[in-house]
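The values are calculated or read from the model by the stated rules, or taken from the named source; none is laboratory data. Fair warning: this is a prediction, and the values are worked out from it, not measured in the lab. In this analysis, Cβ positions are derived from the backbone assuming ideal geometry, glycine residues included, and neighbour counts consider all displayed protein chains. Remember, those area values only see protein heavy atoms, side chains included, never the ligands or the DNA or RNA. Shrake-Rupley method; radii C 1.70, N 1.55, O 1.52, S 1.80 Å.
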Amino acid sequence: MSFSTVLSASIVGLKVEPVHVEADVSNGLPAFHMVGYLSSEVKEAAERVRTAIRNSGLDYPAKKTVINLSPANVKKKGAAFDLPIAVAILISLGTIKQKDVGGMLVIGELSLDGRVRKVPGILPIVLEAKENGITRCLVPKENAAEGALVEGVSVIGVETLKDAVGYLTGSRMIEPEQYRAEDGAAEWDEELPDYGDICGQEAVKRAAEVAVAGGHNLLLVGPPGSGKSMTAKRIPTIFPPMTHEESMEITKVYSILGLVDSERPLIQKRPFRSVHHTASRAALVGGGAVPVPGEISMAHEGVLFLDELPEFSKNVLEVLRQPLEERQVRIARAQGTYQFPANFMLVGAMNPCPCGCYPDMNRCTCTPGQIQHYLGKLSQPFLDRMDICVEAPRVGYESLAEKRKEERSAAIRERVCRAREIQTLRYCDEKINTNAMMGMKEMEKYCKLGENENRMMRQAFTRLGLTARTYHKILKVARTIADLDGAEQIKSEHLQEAIGYRTLDKKYWGR
């Protein structure tokens, strides 16, 4: 037969678009035409495919070849269409039968010698294939373990084009890849940084515990060397283990970026993304002609750490406001709107002034104008989205010299896990899973205050000049503190601690 079709797929943002690779090989002047809204790297597939077929020892007579990638309204990019194009051509030449690719999706890049190279985005593609009733996927060998994460689909990994032809014609048996869950089991590494390494700073460690227990954003303010970065980098060690659904969701993001480990594809440790202050808006949020996820989405279900917060461009910080509220990133382009997940915990660290010594006027060398300009880089709307603000004071000699045994991360993690379990049960019928995600309906139901607590909240609202957003943030944090305490109702001591986490911005910013 001269005409053939092979099912493949294209990644557009996080969405997978099925693509039908159609080939027509007929008599005529030798030529290789490709159509279907193609990027430059897809157009280059003509030379790769033609050379790979010949170098694999397969016949490719001098004929007119036309390739169409349908639908024509979806932009095709990347080299992942090489293998399906080669298979479609070989079907048209009679080497492979059309029925051999029935119910199968094919994807992979070809090198000139016929080897099949790994491509990004295999996990979301196989998931989409399963939803569309596809039972088999032919993928590069290096991507096979990643594709095998999806149950109910036979994922065949091939190393060369000749292997693919042998499997499709039945002359070679290739067993479907089997994912062994124990191979990717997450274990806590004893060599990871631990909170037991930090001397003193009990208030800072307590704030980190509350923040993780409820999924709240955290701002650490203090002089250089006070342990802000040490505290932030140890936050992943007190997070509860990831569920399988969370692991699959974050693995999809990393798969699209081509950052999945071939040996252990399933990501089971929460991401910790530390971003340098020179990062652009596109690097943080994502972007490009066809947008790809940025650092925000790479921190999904984990931590996004911004050290030296005022050194970031104000425009970069302001772009965080919408993802922090909606827990997703939306990027608009002429072709449409792209959405990426962004359910992350933001942790920021900063000095109180350019030299870092304010308000110690004996050490601070900054002028009032310099301090005001430095602090002014953080807007009030941005500060309102930081649920917990805590000061990390300078560490004294006594704390460093004292040989007191500090509480380790494992003990803190146990309390955090208990609080998270309470929230999981509480929100089992809701579309949320942490206190930080509560909306107005949930707050009215789960954040009721008694008479004394209402009086305390009214006084704090007036004296601190709170906004409606900070008022709700305090209630959410108080709910988390009560969960850590195992209390059903928010009590005065829980509310008092939560209000204390909102006084620091008033101290420095005076707003």
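The set of residues in segment 31-43 being crowded, with 18+ Cβ neighbours inside 10 Å and in a helix (DSSP H, G or I) consists of V42 alone. Counting only strands (runs of 3 or more DSSP E) that sit completely within segment 248-366, those holding 1 or more residues that are under 30 Å from A80 (Cβ atoms), touching a Ser or Thr at 6+ places or on another chain (Cβ under 7 Å) and without any contact (Cβ under 8 Å) to a residue 60 or more places away in the chain correspond to 328-333. Look at (1) closer than 30 Å to Y446 by Cα; (2) buried (at least 19 other Cβ atoms within 10 Å of the Cβ); (3) at pLDDT below 95 and you find that Q201 fails only one, number (1). Here T237 meets each of (1) in a helix (DSSP H, G or I); (2) modelled with pLDDT of 95 or more; (3) touching a Lys or Arg at 6+ places or on another chain (Cβ under 9 Å) with one exception, condition (2). Scanning segment 44-84 for residues being farther than 19 Å from R115 by Cβ, under 31 Å from the mean Cα position of the chain (by Cα) and not in a loop (DSSP other than H, G, I, E, B) gives a total of 3. Do we have L112 as in contact with a Cys (Cβ under 7 Å, 6 or more places away or on another chain) and either at pLDDT below 95 or not in a helix (DSSP H, G or I) (or both) here? When the stated conditions are applied, L112 does not pass them. Scanning segment 469-496 for residues that are part of a helix (DSSP H, G or I) and free of Cβ contacts under 8 Å to residues at least 60 places away in the same chain yields a count of 12.
A quick yes/no check of all residues on (1) closer than 25 Å to Q201 by Cβ; (2) under 36 Å from the mean Cα position of the chain (by Cα):
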position	(1), (2)
D360	yes, no
L375	yes, yes
V416	yes, yes
A436	yes, yes
K448	no, yes
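Considering (1) under 15 Å from E301 (Cα atoms); (2) in contact (Cβ under 8 Å) with a residue 40 or more places away in the chain, the lone condition that E245 does not fulfil carries the number (2). Return a yes/no flag: does segment 274-284 have any residue that is crowded, with 23+ Cβ neighbours inside 10 Å and under 30 Å from S40 (Cα atoms). Yes, there is a match, as at least one residue in segment 274-284 is crowded, with 23+ Cβ neighbours inside 10 Å and under 30 Å from S40 (Cα atoms).
Candidates are the residues of segment 271-315 that are among the acidic types (D, E) and within 19 Å of M350 (Cβ to Cβ); the one that is farthest from the chain's Cα centre (by Cα) is E311. Among residues of segment 471-507 being buried (at least 21 other Cβ atoms within 10 Å of the Cβ) and hydroxyl-bearing (S, T, Y), the one that is nearest to P223 (Cα to Cα) is Y501.
Identify the residue in segment 440-455 that is closer than 17 Å to E493 by Cα and of a type in the set (K, R) and, among all such residues, is least open to solvent (accessible area, probe 1.4 Å). Selected residue: R455.
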